[in-house]
Amino acid sequence: MEQTSVFDRVTEAAGVRSTLEAAARAARAMSRAGNEPGARAAADPNGAMTHSWLFTGPPGSGRSIASEAFAQALLCTDPDVVGCGRCQGCQTVAADTHGDLKKVTTQGSVIQVKVVRSDVIPWAHRRPTTADWRVVIVEDADRLNDESANALLKAVEEPPERTVFLLSAPTTDPADFSVTLRSRCRHVYVPTPTKAHVVAALRMGNPELTVEQAEWAGTIANGHIGRAKGLATDEGTRAWRGRALDLVEAIFDPATAYLRTRELSSEAEKESKRRNEPKEEKELEQLTNALGLGAKGKGAQAATRGSAGVIKELEENQKRRRKREEFDLVDIALMDMVGLLRDALMVASGVDVDGGAAAGDDAEEVGPALINPDRRRTSSELARRVSPEGLVACVDAVMDAREAMGRNVRPAVALDGMMGTLQLACGVGQR
């Protein structure tokens with residue numbers, strides 16, 4: 001499936017694609033209008049373009065895809081197509097190497113105010129180097145605390161003429177995002193994509209996938225585009241899902257149930273370490289080189305004085321990143337468990353379900369698809385052994401474990417508590 005525009009990856013639901021396409025076209029017209037008084041306003045008579053945008057939507061809905069596609073369109077250099085996907089501007093945005101693009105990320109739970117004040121705002125006030133615009137993407141804007149949100153607010157209220165801010169958060173709820181900052185942004189809600197859209201996005205970005213592979217991943221991911229890509233292309237992601245679903249089967253085996261929960265938390269820690277170690281080594285090497293550590297000669301000692309504190313700060317950031325990824329891995333496993341329990345609940349409730357990925361899109365009109373069609377035996381066995389009320393209690397137990405980890409309860413503790421509740425709900429050990 002060939003991509004003809006960066007917006008081909010963006011959902012058509014809720015007018016997301018048309019809104020961004022119109023804004024990108026208006027931005028192109030504004031950049032060509034010149035600096036004559038009223039020229040830029042005349043180029044965008046409908047007000048399609050603005051300097052600050054907020055994308056919200058459920059996890060995996062495509063918020064990041066929408067903001068990246070919009071950034072590509074704004075920085076596109078094709079003279080005829082706005083967001084061609086093929087020019088150097090579009091390609092370097094996709095590779096995160098464009099000089100007029102800044103992505104704001106955090107290794108911890110909060111985007112610090114010093115990052116906004118010393119890094120983001122000065123960068124945003126510089127003029128574009130090669131493109132018509134500068135674009136700042138804040139993917140986890142819900143991690144802005146009050147201080148950092150207020151610092152960013154000043155730039156958003158009085159934006160540089162050629163800078164666009166693209167912020168993403170789960171919701172507009174005050175718990176997720178600053179109310180005042182929200183009032184200065186144009187809001188775009190990105191809904192959970194349909195299975196058909198997920199499959200199309202997978203095949204567009206990964207043309208080597210067969211229709212069957214994309215269908216399977218689209219079904220299992222249950223509307224999460226990033227998750228679908230991992231399932232379709234990465235064996236490790238598929239293996240992690242298998243480990244999570246095996247944990248559901250272990251509920252009825254008291255001899256191994258708690259061993260499985262400990263294995264899951266231990267493997268999450270190891271996997272996080274494996275993923276981050278190469279990155280950490282490179283970061284440390286770059287920092288030591290920048291500090292001149294190991295240098296000899298006059299003045300070297302004075303130049304490196306105080307470097308221990310900088311290195312310690314890096315190590316603390318790396319530690320927080322590892323912990324966050326470890327928790328994320330366990331959270332993904334818990335959501336996989338919820339999907340399997342949901343399948344069992346549907347079967348237990350007598351819902352006429354189809355075969356999911358194997359049946360294709362047309363079959364969805366017959367009945368709701370199982371999220372895990374390849375584990376139908378497990379969901380049917382759960383439905384046979386546990387009442388619908390018990391299965392609802394199981395789902396609640398898994399969600400309680402997720403909430404506990406959100407309060408920084410260690411995964412091993414949260415999983416052990418969850419397993420005990422699951423066994424009670426399923427009547428394990430009861431006569």
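Rule-based calculations on the coordinates, nothing more; no lab input. A quick note: this is a predicted structure, and the numbers were derived from the prediction, not measured. With ideal geometry, Cβ positions are generated from the backbone for all residues, glycine too; neighbour counts draw on all protein chains shown.
Points to keep in mind about this one:
- Residue 235 versus residue 94: modelled label distance in nm, points set 7 Å from Cα along the beta carbon direction: 2.6 nm
- For the chain, adding -39500 (n - 2.57) for each run of n ≥ 4 DSSP H residues and dividing by the number of residues yields -17500 deg cm²/dmol at 222 nm.
- Ranked list, fewest to most other Cβ atoms within 10 Å of each Cβ, for 90, 185, 394: 185, 90, 394
- In plain terms, the residue of 171, 11 with the fewest other Cβ atoms within 10 Å comes first and the most crowded comes last, giving 171, 11.
- Under 13 Å, Cβ to Cβ, from residue 142 - net charge with Lys/Arg +1 and Asp/Glu -1: -2
- Highest mean first, the peptides 233-242, 325-334 sorted by other C-beta atoms within 10 Å per residue fall in the order 325-334, 233-242.
- Summing charges over all other residues whose Cβ lies under 13 Å from the Cβ of residue 98, with Lys and Arg as +1 and Asp and Glu as -1, gives -1.
- Length gained when the stretch residue 18-residue 130 is fully extended (0.36 nm per residue, less Cα-Cα span): 37.7 nm
- Computed from label points 7 Å out along Cα-Cβ, the spacing between residue 274 and residue 175 is 3.5 nm.
- Inter-label distance, nm, simple model (7 Å from Cα along the C-beta direction), residue 123/residue 289: 2.0 nm
- The chain shape via C-alpha gyration tensor axes, a/c threshold 1.5: oblate
- Residue 134 long-range amide H proximity, modeled H, under 5 Å: 163, 164
- At least 30 Å along the helix axis (C-alpha) and Kyte average at least -0.5, DSSP helices within the chain: 307-348
- About the Cα centre, charge dipole magnitude for the chain (Lys/Arg +1, Asp/Glu -1 at Cβ), debye: 1540 debye
- Estimated FRET transfer efficiency when R0 is 56 angstrom, pair residue 212-residue 255 (beta carbons, to 0.05): 0.90
- Ordering of 383-390, 98-105 by packing is 98-105, 383-390, highest average first (other Cβ atoms within 10 Å, averaged per residue).
- Take each peptide in 129-136, 205-212, count the other Cβ atoms within 10 Å of every residue, and average; sorted highest first, the result is 129-136, 205-212.
- In the chain, taking the dipole from charged Cβ atoms about the Cα centre, the farthest positive-side position among 141, 226, 120 is held by 120.
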